[in-house]
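To start, the structure under review is shown below, and the notes come after it.
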Amino acid sequence: MQIMGVDIGGSGIKGAPVDLDRGELALERHKVLTPQPATPEGVAGCVAEVVGAFSWSGLVGVTFPGVVTNGITRSAANVDKAWVGVDAAALLTRELGGLPVTVLNDADAAGVAEMTYGAGRGRGGTVILLTLGTGIGSALFTDGRLVPNTELGHLELKGHDAETRASVKAKEDGDLTWERWAHRVQRYLAHVEMLFSPDLFIIGGGVSRKPEKFLPLIEGIRAEIVPAKLQNNAGIVGAAMAAKH
């Protein structure tokens, strides 16, 4: 079974049809740059461009970098503030000519995909997926059940929003070495571990393609730490999964 998945990020919007029997992309993904400013109308147009690249007519799942409840976007950290309070599902359905659209938090989507097909498959206890990218997204699971919209990237760390210190964007903006950045990620993980005592951390986002660069540098964390197996496609796969339900 194939369903279209689209992942809206702070810097890029990417999508592809997903083979839900195998939990992988059925075709090579299509990606466009996130418009600046990332207004609802601008982003919706880009989503339509991605979906249109596949001449798709069917169910569509879309992730959003913020809190989403019943298709309505409630926060907007790395996109335009005009998203707050928008019925994103209705907006995107209109933009896509009436195709049924399901919208959910981006990290929740990635987490569900990893728990079903990837690094969290078959794992019980408390599992936390963290997507490190433009910001930090989080997905919290207890015995396989998702606690939605946790937004742990906005925990306070040394007086700052954690994602402004430990995201990939923070590494790039500060021109940090892998060692310095890994130390910041370590402090962040220690803080999250103190609050939730997870059995497993799954590290996702684009940086999960290079786990050897930073995971060996992280010390003193009790929980097991592994890279996401679906890497940066996890959000697309999770979006498609959500649309199926």
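Residues that are farther than 23 Å from LEU152 by Cβ and either open to solvent by 20 Å² or more (accessible area, probe 1.4 Å) or part of a loop (DSSP other than H, G, I, E, B) (or both) within region 47-85 comprise ALA48, GLU49, GLY52, ALA53, PHE54, SER55, TRP56, SER57, GLY58, LEU59, ALA82, listed in sequence order. Output the residue which, of all residues in region 156-205 that are open to solvent by less than 20 Å² (accessible area, probe 1.4 Å) and modelled with pLDDT under 95, is farthest from the chain's Cα centre (by Cα). That would be LEU157. Scanning region 233-241 for residues that are open to solvent by 30 Å² or more (accessible area, probe 1.4 Å), within 17 Å of THR131 (Cβ to Cβ), in contact with a strand residue (DSSP E or B) (Cβ under 9 Å, 6 or more places away or on another chain) and touching a residue at least 40 places away in the same chain (Cβ under 8 Å) turns up at least one hit.
Any residue that is more than 30 Å from LEU20 (Cβ to Cβ) and either buried (at least 16 other Cβ atoms within 10 Å of the Cβ) or touching a Pro at 6+ places or on another chain (Cβ under 8 Å) (or both) - is there at least one of those in region 143-155? Yes, because at least one residue in region 143-155 is more than 30 Å from LEU20 (Cβ to Cβ) and either buried (at least 16 other Cβ atoms within 10 Å of the Cβ) or touching a Pro at 6+ places or on another chain (Cβ under 8 Å) (or both). Just a yes or no: is a residue in region 109-123 open to solvent by 10 Å² or more (accessible area, probe 1.4 Å), farther than 20 Å from ASN232 by Cβ and in contact with a helix residue (DSSP H, G or I) (Cβ under 6 Å, 6 or more places away or on another chain)? Looking through region 109-123, none of the residues is open to solvent by 10 Å² or more (accessible area, probe 1.4 Å), farther than 20 Å from ASN232 by Cβ and in contact with a helix residue (DSSP H, G or I) (Cβ under 6 Å, 6 or more places away or on another chain). Restrict the check to region 201-209 and report whether at least one residue is over 27 Å from ILE236 (Cα atoms), free of Cβ contacts under 8 Å to residues at least 60 places away in the same chain and either touching a helix residue (DSSP H, G or I) at 6+ places or on another chain (Cβ under 9 Å) or not charged (D, E, K, R) (or both). No, because not a single residue in region 201-209 is over 27 Å from ILE236 (Cα atoms), free of Cβ contacts under 8 Å to residues at least 60 places away in the same chain and either touching a helix residue (DSSP H, G or I) at 6+ places or on another chain (Cβ under 9 Å) or not charged (D, E, K, R) (or both). Inclusion of ALA16 among residues that are assigned to a strand (DSSP E or B), among the aliphatic types (A, V, I, L, M), surrounded by 15 or more Cβ atoms within 10 Å (Cβ to Cβ) and at pLDDT 95 or above is warranted.
Summed over region 209-230, the residues that are assigned to a helix (DSSP H, G or I) and either modelled with pLDDT under 95 or of a type in the set (Lys, Arg) (or both) give a count of 2. Counting only residues that are free of Cβ contacts under 8 Å to residues at least 40 places away in the same chain and within 16 Å of the chain's Cα centre (by Cα), region 42-65 holds 0 of them.
The values are calculated or read from the model by the stated rules, or taken from the named source; none is laboratory data. Not measured: the values here are computed from a predicted model. Positions of Cβ are backbone-derived with ideal geometry, glycine not excepted, and every protein chain shown enters the neighbour counts. Accessible surface areas use protein heavy atoms only, side chains included; no ligands, DNA or RNA. Shrake-Rupley method; radii C 1.70, N 1.55, O 1.52, S 1.80 Å.
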